[in-house]
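I have placed the structure first, in the form of structure tokens, so that the comments after it can refer back to it.
Taken together, the values in this text are just the output of simple stated rules run on the coordinates, not laboratory data. The structure displayed is predicted, hence computed values, not measured ones. Backbone-built Cβ (ideal geometry, glycine too); neighbour counts: all protein chains shown.
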Amino acid sequence: TWTSSMRNVFTETSDVTKSIVNHVQTSLARAPYNLDDFGAYQAAALATRDNLIVNWNETQIHFTRKQPKRAYYLSLEFLMGRTLSNALLNLGIQPQTEQSLSSLGFSIEDVLVQERDAALGNGGLGRLAACYLDSSATQELPVWGYGLRYKYGIFMQLIKEEDGSQLEAPDPWLEHQNPWELPRLDVVYEVRFYGSSERLNDGSGRAVWSGGQEVLAVAYDVMIPGYGTRNTNNLRLWESKPKRGFDLQSFNAGDYEHAVEASNSAAAITSVLYPNDHTTFGKELRLKQQYFWTAASLADMMRRFKNMDKPINEFAEYNAIQLNDTHPTLAIVELMRMLVDEEDVPWSQAWTIVTNTFFFTNHTVLPEALEKWPVPLMQHLLPRHLQIIFDIVRRFFLSVEKKFPGDVARLARMSLIEEGFPQQIRMANLAVVASRKVNGVAELHSELVRKNLFPDFVEFFGKSKFSNVTNGVTPRRWLDQCNPALSQLITDTLKLPRDVWLKDLYKLEGLLQHVDDPKLQKSWAAVKRQNKERLAHFVEQMFGLKVDASAMFDVQIKRLHEYKRQTLNILGVIYRYLLLKNMTPEERKKVNKKVVFFAGKAAPGYYVAKLTIRLIVNVSRVINADPDTNQYLSLFFLPDYSVSLAEVLIPAADISQQISTAGTEASGTSNMKFCLSGGLLLGTVDGANIEIAEEVGEDNVFFFGHLTPDVDKLRYEHTYHPVPVEQKCPELAKVLDAVSSNIFGGNGVYEPLLNTVRQGDYYILTDDFDSYIRAVEMVDEAYQDQTEWIKKSIRTTAKMGKFSSDRAIQDYAQEYWNIESSRVSE
Ligand code: 26W
């Protein structure tokens, strides 16, 4: 009865319709006659989810039986975006669902946009994690993600009408029930905080940690379907919850506040994503999040491992753990604690297991992003873990001392503890010491990781421990889904089924042999135009202003940060505006028309980044209202940047700006997404821009600016031989003065932002401005020859094979994790 009654994925339109209607009637308890788009979305989501669950279940059973080595991706952030359209694509039931919705009176486009983004991340690191999950499932690899189920994701960004500045509002994304998660109320672990740790002093190194506060971690599973396969992996997110509802004694005594105190503090752990990108302030709640998450995840892995009945010594043969930046570094200490204190494994054996299990990815060289935790805080919150850290330090010191006797300075540099008041624990050093391999996220960045961040460790452990895995993006979301017209054109041109090239992106190279075909050029241009019109329409709705889709679309979208130099871009726009203003109407007619788009959030406490947004918004208000120039130049800051907004912006770009100070952007991933949609790259010689140029050829990108090795020298000059900006870069000085002169309003509010350029100029705008302006001129010139431009665009897309996250995940699976694919049978 069981097997004959089990259902499979619905592939017939009529079954999809039945399922949707059934969910409207039962799950939603709604009547069909007043169903709105949101209701239709909910029902379609539930119908799709049923299919996902079937495959998800099969996959879990498959791998439980098979007992392969598994890999776990530990990330505090997963920036998933919307799920429904991706699920339909991967299940292969998009056309059927479209048809079914249409027969019920709904358009699928209107239904899909009802979904709220799952925005449990800040930026690049979180979106990378999402792309990696997609590729792992698509490649049928036994990979799970582990993260936190924040009640509030990244804040919603509003722009204040009065002054153009950023306002933050909460993102209550779980307001409506979330169909994409399965609450696993039976998968629960206890996580301890505070208390005290007593060493046993029996020579075993063991200790007993007791007392303090115990919090429950409850699992929520998010299904991650692969493309063109039944394999559906799991992303397990933890929610915190009090161990006991509330303190009954206080409750009975009428002290209600005290009664719920503990329960509030437990729930607070997973209440909100920290909105900081690249900085940390040593906040206790952040450390609590990190431990809560790593402890629950490791307990879960250990339970799964023990169910296999293998000796504990083989833990690393069955488990690989990738640390997404230093945020999960406590997992190292926690596994030591579990092995030594709970499994009775001798220290050195435990250390061997640990150092064979972990792999560490570094995502930034900015010093302010390197996590450090005050020793007193660790002592208070995790007393046993502090003991273990000091034990690791002691043994590590002995081994360094043995190799480099008497080299005290080296010991101080390499120590996991930074001296000072208070002492601080250097999480990056801990991650390096305990990991089997360490990688950066692009060739240049991996080189900087070796040369600038960890040179002593390279010398100590040897070069082979440090390598590179260049980032990648999933072509399913970032080409097929967000740019369906281009995907179709590629399929037609390559004469290959879509699912072939979408799984082997190197196949795009086949476009090269058609570059000179006028028919392809024409269709290629038409697709771009169509995407630009979609964006123009979107912006017109939002701002009530006309947008000229025949103008060049120039886009910079990413977190606001000084090193990313949105400031350079906006100062360049002002420069262009002033030039236009000074031209005769006749002269203006020869200028390349341009629409500039910005989007991105600033960390709520990052003053200069918020000022930059305010400047962009106010410049846009002046420029867009200027009848002399606004046909030639307009500017938009699109609020509340998100994955979904990126999906509209990226396909519409003629060019994207990737203009970080050389040596600061570890990789960048939007650069890859733009190029995949045929948007050319205006950028510095930094991060993955370099590898993109290597692939497409330097004549197909627009590079400018000083190179990484020059940057330190320039900064030295700024400090010791400063030259006033008027002298060094008169054109830039004029732009700064224009802002100071109040033509964009503000009455002096922008001075602190302008002064970052006038004084110190850490991100070398004064050194790069002239070459930036020249590069922009070259872009304008190139755009005049539309045929040449389209050819560059086709060549760019054609050479993006390397930047598929499928390639990146293959690198990790083979060179790092040593895991194998296994297909769930049909
Ligand atoms: C502790 C505060 C904090 C928070 C986030 C420190 C560091 C981070 C991330 C590592 C910042 C980040 O997202 N880095 C970006 O990672 C992307 C994926 O590898 C790269 O493409 C970007 O260049 C890098 O800035």
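Annotations for the structure displayed:
- Computed lengthening from Ser464 to Lys283, 0.36 nm per intervening residue step minus Cα-Cα distance: 61.7 nm
- R0 of 60 Å, Cβ-Cβ distance Glu509-Glu257: FRET efficiency to nearest 0.05: 0.35
- Pairwise Cα separations in region 1-111 fall into 5 Å bins from 0 onward with the following percentages, short to long: 2, 10, 18, 20, 17, 13, 9, 7, 3, 1, 0.
- Prolate/oblate/rounded label for region 532-810 (Cα gyration tensor, a/c 1.5): rounded
- Difference of contour (0.36 nm per residue) and Cα-Cα distance, Arg192 to Lys589: 136.0 nm
- Tensor-based shape of the chain (alpha-carbon gyration tensor, a/c under 1.5 rounded, otherwise prolate or oblate): oblate
- FRET E, pair Asp492, Phe38, Förster distance 41 Å, beta-carbon r, rounded to 0.05: 0.70
- R0 of 35 Å, Cβ-Cβ distance Leu248-Leu174: FRET efficiency to nearest 0.05: 0.75
- Annotation: peptides 584-597, 602-615, 428-441, ranked by per-residue average of other Cβ atoms within 10 Å with the highest first, follow the order 428-441, 602-615, 584-597.
- In percent, rounded to a whole number, the relative contact order of region 532-810 is 20, using alpha-carbon pairs under 8 Å and six or more apart.
- Pairwise centroid distance, computed over Cα atoms, of region 201-271 with region 37-101, Å: 26
- Stretchable slack from Ser741 to Asn201, in nm (0.36 nm times residue separation minus alpha-carbon distance): 187.2 nm
- Mean separation of Cα contacts under 8 Å (6+ apart) over length of the chain, as relative contact order %: 14
- Relative to one another, the C-alpha centroids of region 627-651 and region 465-541 are positioned 21 Å apart.
- Of Lys69/Lys507; Lys465/Lys799; Lys451/Lys593; Lys451/Lys564; Lys241/Lys465, pairs whose Cα-Cα distance is over 32 Å: Lys451/Lys593; Lys241/Lys465
- Packing-based exposure ordering (other Cβ within 10 Å, fewest first) of Leu680, Leu714: Leu714, Leu680
- Distance (nanometres) between label positions extended 7 Å along Cα→Cβ at Gln60 and Arg30: 2.8
- Extending 7 Å from Cα along the Cβ direction at Ala412 and again at Gln631 yields two label points whose distance is 6.8 nm.
- Taking Cβ atoms as reference points and 15 Å as the exclusive limit, the residues near Glu175 contribute a net charge of -1, counting Lys and Arg as +1 and Asp and Glu as -1.
- Whole-Hz Karplus values for region 403-417 come out as 7, 10, x, x, 8, 5, 4, 4, 4, 5, 5, 8, 4, 7, 10 Hz, taken residue by residue from phi with 6.51 cos²θ - 1.76 cosθ + 1.60 and θ = phi - 60°; glycine and proline positions read x.
- The lysines whose alpha-carbon is closer than 25 Å to the alpha-carbon of Lys590, local same-chain residues fewer than 8 away aside, are Lys522, Lys528, Lys532, Lys546, Lys581, Lys734, Lys791, Lys792.
- Residues of region 15-53 falling in the label zone of Ser107, defined by backbone nitrogen less than 15 Å from a point 7 Å along Cα to beta-carbon, are 37-38.
- Each of the peptides 74-82, 383-391 was scored by the mean count of other Cβ atoms within 10 Å over its residues; in descending order, highest first, they stand as 74-82, 383-391.
- Whole-Hz Karplus values for region 565-580 come out as 6, 4, 4, 4, 4, 5, 5, x, 5, 5, 4, 5, 4, 5, 4, 4 Hz, taken residue by residue from phi with 6.51 cos²θ - 1.76 cosθ + 1.60 and θ = phi - 60°; glycine and proline positions read x.
- Note, ³J(HN,Hα) from phi for region 613-630, Karplus 6.51, -1.76, 1.60, rounded to Hz, x at Gly and Pro: 4, 4, 5, 4, 4, 6, 5, 5, 5, 6, 4, 5, 9, 8, x, 5, 10, 5
- In terms of its C-alpha gyration tensor, region 1-66 comes out prolate, because a/c is 1.5 or above and the ratio a/b outweighs b/c.
- Euclidean distance between Cα centres, region 279-298 to region 402-447, Å: 21
- 5 angstrom amide H check on Leu79, placed H, neighbours 5+ away: Arg127, Ala129, Ala130
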